[in-house]
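Working notes for the structure below.
The values are calculated or read from the model by the stated rules, or taken from the named source; none is laboratory data. These numbers were taken from a predicted model, which means no experiment stands behind them. Here the Cβ positions follow ideal geometry from the backbone for every residue, glycine too, while neighbour counts run over all protein chains shown.
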Amino acid sequence: MSVEILNSEKIMNGQKMRVKLRVSADEKAEIVQESLEALAEMARLPKDEKLRSELEKQVGADRLASAISLSVAQNCATKPVNDLKLHILFDPELVGESIPGVFAEGPEEFSVDMVLCPEMELSSYEPVHIKVNSLEVTDAMVDAQVAQVLEMASTYEPTDEPVAEGRVIQVEMETQINGKPATGLSGKNMPLNLDPTMVPKELIERATGMVKGEEREFEFSMLNPQTPAARPDLFHVKLKVLDIREKKTPELTDELVATTISPLDGTVEKFREHVREDMKAELDRRNEQQTAQQLDSELAKRLQGSISDMLLQRAGQDAMANMQQSLAQQGMNMQQYMQQMGMEQQQFQMMMMVQARESLRQGFALDALARHLKLELTDEDIEAALHQMSPGNEQAMRANFDKNDAWFLVNDIAMRMKAHNWLAENSTID
């Protein structure tokens, strides 16, 4: 990598290292192009000579320059981490909003800040003693899982009974919310599942008792969960029932198993045993994770000294950003998730900060244990870390870390894993 370290100094009472770097013209151009192409893939844009201008149209010139500058800075920061043998936390930060000449030809100078991992000590380096309450699969748990499978095999059959919660109705429906058409609650030959988790319970209450062919017009008010402090929304609904269907959950029989639910099992007995085995495998995995968490948590109780507010704040910010990214991949936002969890924003943020603090403490405790034991990494340790980071993609990961000279990231993970494994092998677990 054609990057030169011009100078370095510790700042913020030694919590950060600020390094001034000089990157060659060719190295900078390569990073810029790769970063632009990565953004193009995300935006589904063609990778041609108009790429930069098209991205600027989408996100703005300043935001694009800032994003590409950060990419250049973080790619170049591997040089000081390796040469100065730094143990860092979090991603390196560019000093300033952007690199002024990031898109210009020629070399460039800029500074990056890196948060240094503190070297803390433990009050004792002896193995720990924990008690684990392992879960076991019960008949009731199997019954509940089988019931869920039968629920998925349910059918909806015509009924002469009136509209009621839990039934599915075919309707002609016209809805306005605060005087404006609500397309999601309007339509002809529209199926409506009268499940209170899917449609407003106020609508179900006012439709209850209707029969096929009947028409009703009604209003109700309801708070919007996205804006609970605002005034309630006013719903005006015109509803005509075209058809009514009732859910029929099948009985679990050998025939149903063999023809629909699990032909490979064939019988109820084998199907239930299959369900039990799957649940046991999942519980074993959870028990293993719980044990690992308890071991690291118990070790962290021995950590001496306090963690700075700067580290706690940065860890909390990273945790929130990771959560937002994970939720976005599931098609959710933070507000929807908090509503699902039944938590207020302040309560949720406090929970995330507590988790971030505990994660830091456990990591620092494992670092201290590794230093005390003078652990050294082997090829097997590196391979195990690569597998944990991206199972099945170890070769591609190796190529990526070779290209970016960023093996320090893998080494940090591998060392903590090795310290944890020593702890698991030598501790007492009841």
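Any residue at all in region 48-63 that's free of Cβ contacts under 8 Å to residues at least 12 places away in the same chain, touching a helix residue (DSSP H, G or I) at 6+ places or on another chain (Cβ under 6 Å) and not basic (K, R)?
Yes.
State yes or no: is V112 at pLDDT 95 or above and over 30 Å from M12 (Cα atoms)? Outline the logic, then answer.
Numbers: at pLDDT 95 or above: yes; over 30 Å from M12 (Cα atoms): no.
No.
How many residues does region 46-79 contain that are more than 14 Å from V23 (Cα to Cα), among the basic types (K, R) and either part of a helix (DSSP H, G or I) or not assigned by TED's automatic domain parsing to the domain that holds V95 (or both)?
3
Among K247, K270, which is farther than 27 Å from I130 by Cα and part of a helix (DSSP H, G or I)?
Going through K247, K270 in turn, just one is farther than 27 Å from I130 by Cα and part of a helix (DSSP H, G or I): K270.
Closer than 29 Å to A144 by Cα and among the aromatic types (F, W, Y): does that describe F218? Show your work before the answer.
On the way: closer than 29 Å to A144 by Cα: no; among the aromatic types (F, W, Y): yes.
So F218 does not fit the description; no.
Tally the residues that are assigned to a helix (DSSP H, G or I), under 36 Å from the mean Cα position of the chain (by Cα) and without any contact (Cβ under 8 Å) to a residue 24 or more places away in the chain, restricting the search to region 250-267. If you could, list the steps in order and put the result at the bottom.
Going residue by residue through region 250-267, those that are assigned to a helix (DSSP H, G or I) are 254-261.
Adding the requirement that they be under 36 Å from the mean Cα position of the chain (by Cα) leaves 257, 260-261.
Filter again for without any contact (Cβ under 8 Å) to a residue 24 or more places away in the chain, leaving 257.
Qualifying residue count, region 250-267: 1.
Given (1) assigned to a strand (DSSP E or B); (2) buried (at least 17 other Cβ atoms within 10 Å of the Cβ), identify the lone condition not met by K28.
Result: K28 fails condition (1) only.
Only one of A396, A414, A419 is within 27 Å of the chain's Cα centre (by Cα), part of a helix (DSSP H, G or I) and loosely packed, with under 12 Cβ neighbours inside 10 Å; which? Step through it out loud before you land on a result.
Values: A414 fails: loosely packed, with under 12 Cβ neighbours inside 10 Å; A419 fails: loosely packed, with under 12 Cβ neighbours inside 10 Å.
Of A396, A414, A419, the one residue that is within 27 Å of the chain's Cα centre (by Cα), part of a helix (DSSP H, G or I) and loosely packed, with under 12 Cβ neighbours inside 10 Å is A396.
Out of curiosity, is P196 out of contact with any strand residue (DSSP E or B) (no Cβ under 8 Å at 6 or more places or on another chain) and either assigned to a loop (DSSP other than H, G, I, E, B) or in contact (Cβ under 8 Å) with a residue 12 or more places away in the chain (or both)?
Yes; evaluated as a whole, the condition is true for this residue.
Which one of these is of a type in the set (S, T, N, Q) and either surrounded by 12 or more Cβ atoms within 10 Å (Cβ to Cβ) or modelled with pLDDT of 95 or more (or both): Q293, Q340?
Numbers: Q340 fails: either surrounded by 12 or more Cβ atoms within 10 Å (Cβ to Cβ) or modelled with pLDDT of 95 or more (or both).
Going through Q293, Q340 in turn, just one is of a type in the set (S, T, N, Q) and either surrounded by 12 or more Cβ atoms within 10 Å (Cβ to Cβ) or modelled with pLDDT of 95 or more (or both): Q293.
Hey, can you tell me all the residues within region 80-97 that are touching a residue at least 40 places away in the same chain (Cβ under 8 Å), surrounded by fewer than 17 Cβ atoms within 10 Å (Cβ to Cβ) and in a strand (DSSP E or B)?
Once the filter is applied, which keeps residues that are touching a residue at least 40 places away in the same chain (Cβ under 8 Å), surrounded by fewer than 17 Cβ atoms within 10 Å (Cβ to Cβ) and in a strand (DSSP E or B), region 80-97 yields only F90.
Would you call Q355 surrounded by 18 or more Cβ atoms within 10 Å (Cβ to Cβ), of a type in the set (S, T, N, Q), at negative phi and in contact with a helix residue (DSSP H, G or I) (Cβ under 7 Å, 6 or more places away or on another chain)? Walk me through how you get there before you give the answer.
Details: surrounded by 18 or more Cβ atoms within 10 Å (Cβ to Cβ): no; of a type in the set (S, T, N, Q): yes; at negative phi: yes; in contact with a helix residue (DSSP H, G or I) (Cβ under 7 Å, 6 or more places away or on another chain): yes.
No.
Which residues, taken from region 98-112, are touching a helix residue (DSSP H, G or I) at 6+ places or on another chain (Cβ under 9 Å), of a type outside the set (V, I, T) and not in a loop (DSSP other than H, G, I, E, B)?
E108, F110, S111
Give all pairs with beta carbons closer than 6 Å in which a residue from region 206-225 that is exposed (fewer than 14 other Cβ atoms within 10 Å of the Cβ) meets a residue that is not in a strand (DSSP E or B); count only pairs at least 6 apart in sequence or on separate chains.
Cβ pairs passing all conditions: T208/V163; T208/A164; G209/P162; V211/P162; S221/P232; L223/P232; P225/Q339.
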